[in-house]
Structure formats: structure tokens, C-alpha cells
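K.L.:
First the structure, which I've put down as C-alpha cells, then a few questions once you've had a look.
Please treat every number below as a calculation from the coordinates, not as lab data. Quantities reported herein were computed from a predicted structural model and do not represent experimental measurements. We place every Cβ from the backbone using ideal geometry, glycine too, and count neighbours over all the protein chains shown.
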Amino acid sequence: MIISTWNVNSISVRLPQLIEWLQTHKPSVVCLQETKTVDEKFPLKELAEIGYNCEFYGERSYNGVAILSDRPIMNVRKGFIDGDADSQRRLIEAEVDSVHIINVYIPNGSAVGSSKYEFKMNWLEKLRQHIQHNHDMNKQLVLCGDFNIATEDKDCYNPELVKGTIMVSDAERESLEKIKSLGFVDTFRIKNQESGEYSWWDYRMGCFRRNMGFRIDHVWASQSLAALCDSVLIDRAPRKKERPSDHAPVIATFN
């Protein structure tokens with residue numbers, strides 16, 4: 001099973017690139033973030049035509065998540081169980097071939113100490129409680145998506161320059177570590193220990209060309225599933241195209 005995650009930063013803008021990428025790589029499951037479209041306008045027909053089932057949870061102009069699969073998608077849940085509308089449309093989960101997949105678009109937080117940062121910290125705690133109370137870590141479970149957090153210094157291009165800022169602050173990392181400690185493994189780090197591999201680059205300042213990036217898009221797996229992980233790679237090719245998303249897809253292969 002190939003499980004991928006990609007913040008497409010508007011599925012309507014990136015649809016031709018997404019379709020080309022799906023046809024090239026043929027992943028079993030793709031988790032999308034920042035679809036930025038209401039459910040009524042989700043490109044269900046176009047994706048069905050190339051063999052993908054779709055479940056989606058979107059809103060106009062902001063946020064939005066989706067799960068695509070070339071296999072049946074079962075037991076879909078959209079949002080947190082308590083139905084908190086203030087949490088925004090940032091979480092969708094489902095089962096594909098007995099693997100339970102949680103796809104999240106964690107808030108960016110804007111700036112440390114801001115109201116949006118407080119919202120991010122509250123959202124992370126809500127996610128931790130949601131997983132702890134509703135999921136069995138002894139089963140095959142994936143948590144993936146745009147986490148908007150670089151988990152360690154080698155996940156950002158210049159740790160000293162960005163120290164204490166958004167996506168690398170101690171509080172964000174600590175909150176994410178609490179989620180990881182429930183029993184997740186960062187699959188990228190199973191076989192990739194080097195720095196310099198990133199999944200997001202700002203559009204400004206030639207950041208992609210200069211590789212001034214952050215690894216903030218993740219595929220985490222429960223211990224039993226992580227043991228089956230053969231490889232994880234970040235596909236930089238879509239970031240090189242015209243009008244690209246500012247994120248690159250992450251591709252994890254399980255056997």
C-alpha cells in the first residue's frame with residue numbers, strides 16, 4: 001500500500017497537476033489538505049474517471065481535507081466527534097484495507113503568542129484527546145497531513161535563524177510530541193536521518209531554489225504498521241512546475 005499526503009493549496013488550481021501526479025505514481029491512498037473548496041464543487045467526477053474514490057470535507061476559500069483511494073473507503077468520519085464547528089474543516093478519517101487513516105491540516109498559527117497561535121495549541125490538544133479516546137494504537141493506524149510543525153532542528157533550513165518562531169516553537173513541538181508519544185512513528189525518519197530534505201518552501205525569496213524549506217508534512221504510523229514501511233520520500237517534482245503548491249507530496253510505501 002502506498003500512502004501519500006499533499007497540501008495542494010487549492011484543488012481547483014492544482015487539479016491538472018494532481019491528476020497527472022496520480023496517473024504517474026498510482027498511490028493507493030492520497031490525503032489532501034487545503035482543498036479550499038466547498039463539497040459541492042469538489043472534482044469528484046474528474047477523479048473518479050481516473051479510478052479514485054473520494055471523501056472530502058471542505059469549505060469556501062480556506063482549509064479543507066480529502067481522502068482519495070483506488071480502493072473502497074469505509075467508515076468515514078469528518079471532524080472531531082464532538083462536532084465542534086470552531087475547529088474548522090481540518091480533519092477527515094477513514095479505513096482503507098483495514099488501515100485507519102487520519103488526515104489532518106493542523107492550523108499554521110500565524111505568529112507565536114497570537115490568537116491564531118492559541119487556536120493552534122488548542123487544536124493540537126483536541127487532536128491528542130481525539131486519538132487517545134477513539135483509537136487503538138495496537139491496530140494499523142496512520143496520522144498524516146500538513147502538521148505545520150517541523151519536529152526537530154534538522155527539519156528546517158536554518159535552525160538558529162528561525163528558533164522560537166512559528167512552526168518550530170518549543171510549545172508546538174511539545175504538543176506534537178505528546179501526540180507522537182501515544183505510539184506513532186515518524187516513518188520518514190525510519191530510513192532518512194539526514195537534514196536538508198523539506199516538504200514546504202515559501203513562495204517568496206526564491207526559497208525553493210535555495211532550498212530554504214521546512215519538513216512539516218508527515219506520515220506517522222502506529223508501531224505495527226511502521227514495521228511494514230519500506231520507504232518514504234518527498235517528491236520535489238511537482239514543486240518545480242508552473243503555479244505549483246508551496247508543498248511537495250510525501251510518499252510512504254508499506255509492504
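K.L.:
Report, by residue number, each residue of region 99-109 that is in contact with a Cys (Cβ under 9 Å, 6 or more places away or on another chain) and in contact (Cβ under 8 Å) with a residue 60 or more places away in the chain.
P.N.:
If the condition is that a residue be in contact with a Cys (Cβ under 9 Å, 6 or more places away or on another chain) and in contact (Cβ under 8 Å) with a residue 60 or more places away in the chain, then ILE101, ASN103, VAL104 are the ones that fit.
K.L.:
Moving on. Could you please let me know if SER224 is surrounded by fewer than 19 Cβ atoms within 10 Å (Cβ to Cβ), assigned to a strand (DSSP E or B), touching a residue at least 40 places away in the same chain (Cβ under 8 Å) and of a type in the set (S, T, N, Q)?
P.N.:
Criteria not met by SER224.
K.L.:
Find the residue count for region 172-190, including only residues that are of a type in the set (Gly, Ala, Ser) and either in a helix (DSSP H, G or I) or without any contact (Cβ under 8 Å) to a residue 12 or more places away in the chain (or both).
P.N.:
2
K.L.:
Could you tell me which of the residues TYR57, TYR52, TYR105, TYR62 is on the phi < 0 side of the Ramachandran plot and more than 17 Å from the chain's Cα centre (by Cα)?
P.N.:
The conditions single out TYR52.
K.L.:
Quick one: in region 142-171, of everything that is under 16 Å from the mean Cα position of the chain (by Cα) and not in a strand (DSSP E or B), which residue is farthest from CYS229 (Cα to Cα)?
P.N.:
Here the answer is MET167.
K.L.:
Here's a check for you: in region 36-66, which residue that is among the acidic types (Asp, Glu) and exposed (fewer than 14 other Cβ atoms within 10 Å of the Cβ) is nearest to ARG89 (Cα to Cα)?
P.N.:
That would be GLU40.
K.L.:
Scan region 191-206 residue by residue and report those that are in contact with a strand residue (DSSP E or B) (Cβ under 6 Å, 6 or more places away or on another chain) and in contact (Cβ under 8 Å) with a residue 40 or more places away in the chain.
P.N.:
TYR198, SER199, TRP200, TRP201
K.L.:
Oh, and also: Quick one: which strands (runs of 3 or more DSSP E) lie wholly within region 1-97 and hold at least 2 residues that are more than 20 Å from HIS218 (Cα to Cα)?
P.N.:
It comes to 53-57, 74-78.
K.L.:
If the requirement is being in contact (Cβ under 8 Å) with a residue 12 or more places away in the chain and farther than 28 Å from VAL168 by Cα, which of these qualifies: VAL112, VAL96, VAL65?
P.N.:
Answer to the check: VAL96.
K.L.:
Take the residues of region 169-180 that are over 12 Å from ILE106 (Cβ atoms) and out of contact with any Ser or Thr (no Cβ under 9 Å at 6 or more places or on another chain): which is surrounded by the most Cβ atoms within 10 Å (Cβ to Cβ)?
P.N.:
Checked region 169-180; the qualifying residue surrounded by the most Cβ atoms within 10 Å (Cβ to Cβ) is SER169.
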